[in-house]
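The values are calculated or read from the model by the stated rules, or taken from the named source; none is laboratory data. Treat the numbers as computed from the prediction; the structure is a model and nothing was measured. Ideal geometry is used to build each Cβ from the backbone, glycine not excepted, and the neighbour counts take in all protein chains shown. Surface areas here come from the heavy atoms of the whole protein model, side chains and all, with no ligands, DNA or RNA. Shrake-Rupley method; radii C 1.70, N 1.55, O 1.52, S 1.80 Å.
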Amino acid sequence: MIDDPVENRVSIIILNWNSGELGTAAVASAAAQTWPDVEVIVVDNASSDDSLDRIRADHPTALIEVNEENHRFSGGMNAGIAIATGEFVIPLNCDAELDPDYSTHLVAVLRDDPRLAAAGGRVESPRVGASGPLRITSLMRTEGLPVDEPRDCDKLNGACPLFRSTALAEVVRRFGGPYDGSYFTYGEDIDLAHTLGRLGWRFRYDPRASATHVRSYGSAPRIADRRGRLRVSTLTNRHRNIIRHAPRPWW
């Protein structure tokens, strides 16, 4: 992440891993934003399908960063954030699509409050319905909050939050990251939300911005023996977040 971001620019980072047609659609939705200055960055996590070739063919102006091996979500997204030049940054899942005015609505939200680290919109998923604002429990689970009205929250849907780059830069300066690479899969966004909260930043949900998310495409187990590994990763990272961030009893 550069020290002097370009004012009013939105950098949208798509982390691609064997996404097929979904990745191309995600990049297309980023390129179609009505916000006047959008930088599209694609980080490929050593895909073995033709998804990166499709993206290159359909979107020749996108910046491409290729990892020789799969660095998972944290490492891959950190690589994209490191080269982003925008005042605002959207880490976009490769199975999510933004409505054209998504960036426009959320930039306006951050403009209204300089202590907002991020804003997020209503995300529709065929699996879970509408989500967006989330509460983080003491056991480091997330619980959905009502989605019909704007509200402050502990965390936003992780598929497409819009961050203020200065908030992420503060985390990088103090702790590295901004996503902690020790999280194999899941939980790194909860860790980042708590870290930003401790630094005095807040989160805001606004349903005027909307997106769709297939949900869990990149990590969905295609073979049975992956399920146990993902389950272990989920529990391990939840335990790590409890140790790091759960309130301590007074005694």
Among the residues of segment 201-211, is any over 18 Å from GLY144 (Cα atoms), buried (at least 16 other Cβ atoms within 10 Å of the Cβ) and at pLDDT 95 or above? yes
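From GLU39, GLU7, which residue is open to solvent by 30 Å² or more (accessible area, probe 1.4 Å) and not hydroxyl-bearing (Ser, Thr, Tyr)?
On the way: GLU39 fails: open to solvent by 30 Å² or more (accessible area, probe 1.4 Å).
Result of the check over GLU39, GLU7: GLU7.
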Give the number of residues within segment 42-58 that are surrounded by fewer than 18 Cβ atoms within 10 Å (Cβ to Cβ) and closer than 21 Å to ASP101 by Cα. 0
So which residues in segment 78-94 are surrounded by fewer than 22 Cβ atoms within 10 Å (Cβ to Cβ) and within 11 Å of LEU15 (Cα to Cα), if there are any at all? ALA79
If we only count strands (runs of 3 or more DSSP E) wholly inside segment 71-181, which ones have 1 or more residues that are touching a residue at least 40 places away in the same chain (Cβ under 8 Å)? 86-93, 96-98, 116-125, 133-136, 142-144, 151-153, 162-164
Residues of segment 63-77 satisfying the condition of being over 12 Å from ILE41 (Cβ atoms) and open to solvent by less than 30 Å² (accessible area, probe 1.4 Å): ASN67, SER74, GLY75
Scan of segment 7-25 for residues that are in contact with a Gly (Cβ under 6 Å, 6 or more places away or on another chain) and more than 12 Å from ILE81 (Cα to Cα), ordered by number: ARG9, ASN16, TRP17
Can you report the number of residues in segment 91-127 which are more than 18 Å from the chain's Cα centre (by Cα) and either more than 27 Å from LEU22 (Cβ to Cβ) or of a type outside the set (D, E, K, R) (or both)? 7
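When the residues of segment 125-158 are filtered to those that are out of contact with any Pro (no Cβ under 9 Å at 6 or more places or on another chain) and buried (at least 18 other Cβ atoms within 10 Å of the Cβ), which remaining residue is nearest to ALA246 (Cα to Cα)? Before you say what the answer is, go through the steps one by one.
The first filter runs over segment 125-158 and keeps only residues out of contact with any Pro (no Cβ under 9 Å at 6 or more places or on another chain), leaving 125-129, 131, 134-137, 139-143.
Filter once more, keeping what is buried (at least 18 other Cβ atoms within 10 Å of the Cβ): 125, 131, 134, 136, 140, 142.
Values: SER125: 29, SER131: 24, LEU134: 16, ILE136: 10, MET140: 8, THR142: 13 Å.
Top of the filtered list is MET140.
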